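Below: one structure, written as structure tokens.
Bear in mind these aren't lab numbers, they're just calculated from the coordinates by the rules spelled out. Please read all numbers here as calculations on a predicted model, not as lab measurements. Cβ sites come from the backbone with ideal geometry, for glycine too, and all protein chains shown count toward neighbours.
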Amino acid sequence: NVPVPLQGLLLKNVDVHNLQTRHRNDLVIPHYKNHIVYSSFLCEGPRLWNRLPNTLKALTYKQFSKHINLYFINNYKG
């Protein structure tokens, strides 16, 4: 469930091609010639989302907001 303004920016792999791969539900990470864009939301958002476990991705927004902080605290390597 993505807000309407972001729906055109965030695409799943399955929206781009019909291959039935294990990453078909991951978000597409866009490619740009400008390397500064790679640290922006357009690239970092999908990259971070794709790294999350499927159990977190399947949660509702309310559940997700509760569990995402715990996930990052438990997996912090600093």
Give the total of Lys-Lys pairs in the chain with Cα-Cα distances below 23 Å; include a pair only if its members are 8 or more places apart or on different chains.
6
Amide H neighbours of K12 at under 5 Å, excluding residues fewer than 5 places away on the same chain, with H built from the backbone geometry, are V28
What is the gain in length, in nm to one decimal, between T55 and V16 on full extension, counting 0.36 nm per residue of separation less the C-alpha to C-alpha distance?
11.7 nm
Residue (of N13, L70, F41) at the positive-pole extreme of the chain, dipole from beta-carbon charges
L70
Taking 45-51, 71-77 and ranking on average Cβ neighbours within 10 Å, highest first, one gets 45-51, 71-77
